[in-house]
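Here the structure comes first, spelled out in structure tokens, and everything after it is commentary.
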């Protein structure tokens with residue numbers, strides 16, 4: 001199993017990333033009530049999945065296994081009692097990881 005951190009900052013951001021030899025775009029946006037949410041797009045910017053809340057200790061893509069991505073995304077916080085990344089600690093106290101088997 002390969003685990004790698006996707007480097008983030010506590011800002012709205014959009015970037016390209018290659019996972020399992022496929023190019024994707026990720027958009028991560030702070031939305032007050034739900035907190036940080038992730039949109040996963042194909043390389044052309046077409047939405048594949050939108051509005052995934054960044055919650056800890058679960059595979060964010062588990063319910064989308066039928067889409068055959070071949071990887072998972074997980075969030076962990078340095079403070080084990082923290083359930084969500086805060087507005088100011090994304091990438092420093094809260095981390096997004098890609099998990100590939």
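Being buried (at least 18 other Cβ atoms within 10 Å of the Cβ) and in a loop (DSSP other than H, G, I, E, B) is true of residue 8. Here 50, 18 are screened, and the one residue that is more than 13 Å from the chain's Cα centre (by Cα) and assigned to a strand (DSSP E or B) is 18.
Results for (1) in contact with a helix residue (DSSP H, G or I) (Cβ under 6 Å, 6 or more places away or on another chain); (2) in contact (Cβ under 8 Å) with a residue 60 or more places away in the chain; (3) part of a strand (DSSP E or B); (4) surrounded by fewer than 14 Cβ atoms within 10 Å (Cβ to Cβ), shown as yes or no for each residue.
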residue	(1), (2), (3), (4)
29	no, no, yes, no
40	no, no, yes, no
45	no, no, no, yes
63	no, no, no, yes
69	no, no, no, no
83	no, no, no, yes
96	no, yes, yes, no
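Looking at (1) touching a residue at least 24 places away in the same chain (Cβ under 8 Å); (2) surrounded by fewer than 14 Cβ atoms within 10 Å (Cβ to Cβ); (3) part of a loop (DSSP other than H, G, I, E, B), can you tell me which one residue 3 breaks? Status for residue 3: all satisfied but (3). When each of 45, 68, 72 is tested for being under 19 Å from residue 25 (Cβ atoms), at pLDDT 95 or above and within 11 Å of the chain's Cα centre (by Cα), the lone residue that passes is 72.
The values are calculated or read from the model by the stated rules, or taken from the named source; none is laboratory data. Predicted model, so just to flag it, every value in this text is computed and none were measured. Quick reminder, even Gly has a Cβ in these numbers, built from the backbone with ideal geometry, and neighbours come from all protein chains shown.
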